[in-house]
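**Q** This is the structure, below, for whatever I ask next.
No value in this document is a laboratory result; all are computed from the given coordinates. The model shown is predicted, which means the values in this text are computed figures rather than measured ones.
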Amino acid sequence: MSKRVLQLGGLAAVGGGAYYLYSAGGDPKLAQKKIEHDAATASAKVRSEIPGRGKEAQKAGEEGLESVRARAQSMADDAKAEAERAKAKLDNFKQGTEKKFEETGKEFNAAVNKFDKEVTQKASESKSWLGSWFGGK
């Protein structure tokens, strides 16, 4: 019989823990604060003592503070992820711009080489034409 009681007690504890973890959105610290708050509330009801109310208020304050901390951490993580996405976009833009700059430089160099070749060829043709007037080869 005691084995059965231990199994049921363990199952109840796991179920209660899962409930608090789920209601806290998966944050174990917030779940712990909620458990402590509920335990303090239950303790104050059972004892019907005024000092228990102070402890209940303290646990409620801690729970609220932990909730705010969890929300702030979530917002910070979201902001960090957004900054990473913006950095990735900037890096992609930078790489694309550098590639286009290199292509434009290659095209410019090719045009300069072609112009230089044509000028050199025309100059040599002019020399031979002009030289033939004065008896050159």
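**Q** Using only the alpha carbons of segment 8-133, what is the convex hull's orientation-averaged projected area in square nanometres? Mind dumping the intermediate values first?
**A** Values: hull surface 54.9 nm².
Dividing the Cα hull surface by four gives the mean projection, 13.7 nm².
**Q** A further question follows. Cross-link candidates for Lys99: which aspartates and glutamates have Cα within less than 16 Å, leaving aside residues fewer than 8 places away along the same chain?
**A** Cross-link targets: Asp91, Glu107.
**Q** Here are some pairs, Lys34/Lys80; Lys33/Lys55; Lys34/Lys55; Lys100/Lys122; which of them have Cα atoms lying more than 21 Å apart in this structure?
**A** Numbers: Lys34/Lys80 28 Å; Lys33/Lys55 13 Å; Lys34/Lys55 13 Å; Lys100/Lys122 33 Å.
Flagged as over cut-off: Lys34/Lys80; Lys100/Lys122.
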